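Here's the structure we're looking at; comments come further down.
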Amino acid sequence: MDLDLTQLKKLSLEESILLALTYANIFTYPLTSKEIFKWLTCKSTFEEVEKSLQKNTNKFWGSEENLYFLKGQNKLVKFRKEREKISEQLLSEQSDFISKLKSHKEVKLVAISGALCFKNSKDLNDDLDIFFILKNNSIWRFNFEITLRKKLTKEAQKVCHNYLITEGNLELVEKDFFTAHQLLNLQPASNLDFHQKFLEANSWAGQFFPNFYFEDELELELKNDKPIALPSWNWIEDLIFSLHKKRLEKKLNPQLIGSSVKIQKGVFKKHSNDYRPKITKLLTEEFERNCKILE
């Protein structure tokens, strides 16, 4: 089965629940009934979801301590509890630096991404994945500053700033199941109004998950610090962009540039280890196998 929107909308409630559990299982992560509801690809009510979950537990999937998972994956409950504690500690350790980032004069939005936005970090050495939206004509100066900080200070070493866009490039080019899931899971650490603007520019994502709604944001005790920023001269931006573009094009696999890697004035996406194709293939195969229990 392809994960295109047309096919996803045709799934039954039980198939859609299995898809949500299968996707979460790839990341060794069990789901609550509310999480399952909002990650369904079919339109439904929460009451319908709860009824199906209760009716089919132990038949199509397992459940323990109000968490749901694929049959035989009870260990995920323990993993989730352990990783929540690790993630909270990691967030606490990085809160001061996140404060500096969100207060930066060029930053419009700082959002936690990756495993940490699910509180699913495996250990305290995990990267701090952050998605940035910046003012126009500032990506490459900002990227240079963060890269410099990572080399010179300990506080920035865990930061993985591999996706930056400007306020003039809010609509993402990739429009698929994987991107929609990642986009809607971003946890804003600043400027909730601008986060809403970003979501409105990518309203297509809601078509993949028609029941989606936002729960509590990540709790971060942030200060209003301001780091030293580079002068906001456009010629500096152009110079850094030109030099960095040439260096990256020589360094990276040419096949990655344009999809996994975007090097543009208003978009810098550096997913040199892009797991999207691999995860999409794995999800498709695992889902087809899991659906056989419904027959």
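The values are calculated or read from the model by the stated rules, or taken from the named source; none is laboratory data. Please read these numbers as outputs of a predicted model, since none were measured by experiment. For neighbour counting, all protein chains shown are included, and Cβ atoms are generated from backbone atoms with ideal geometry for every residue, glycine included.
Assorted remarks:
- Residue ID - modelled with the highest pLDDT, chosen from residues in the range 3-24 that are surrounded by fewer than 21 Cβ atoms within 10 Å (Cβ to Cβ) and among the polar types (S, T, N, Q): 12
- Enumeration of residues in the range 79-125 that are under 20 Å from residue 155 (Cβ atoms), of a type in the set (Asp, Glu) and free of Cβ contacts under 8 Å to residues at least 40 places away in the same chain: 88, 93, 123
- When residue 267 is tested against (1) of a type outside the set (Phe, Trp, Tyr); (2) modelled with pLDDT of 85 or more; (3) closer than 24 Å to residue 28 by Cβ, just one condition goes unmet, and that condition is (3).
- Scanning the range 163-217 for residues that are aromatic (Phe, Trp, Tyr) and without any contact (Cβ under 8 Å) to a residue 40 or more places away in the chain returns 204, 214.
- Test result for residue 203, modelled with pLDDT of 80 or more, under 17 Å from residue 180 (Cβ atoms) and among the small types (Gly, Ala, Ser): yes
- Residue 183 being out of contact with any His (no Cβ under 9 Å at 6 or more places or on another chain) and closer than 20 Å to residue 38 by Cα: yes
- Exactly one residue out of 118, 27 is in the same structural domain as residue 209 (by TED's automatic domain parsing) and either among the hydrophobic types (A, V, I, L, M, F, W, C) or within 20 Å of residue 292 (Cα to Cα) (or both): that is 118.
- In the range 157-171, the residues that are part of a strand (DSSP E or B) and within 15 Å of residue 183 (Cα to Cα): 162, 163, 164, 165
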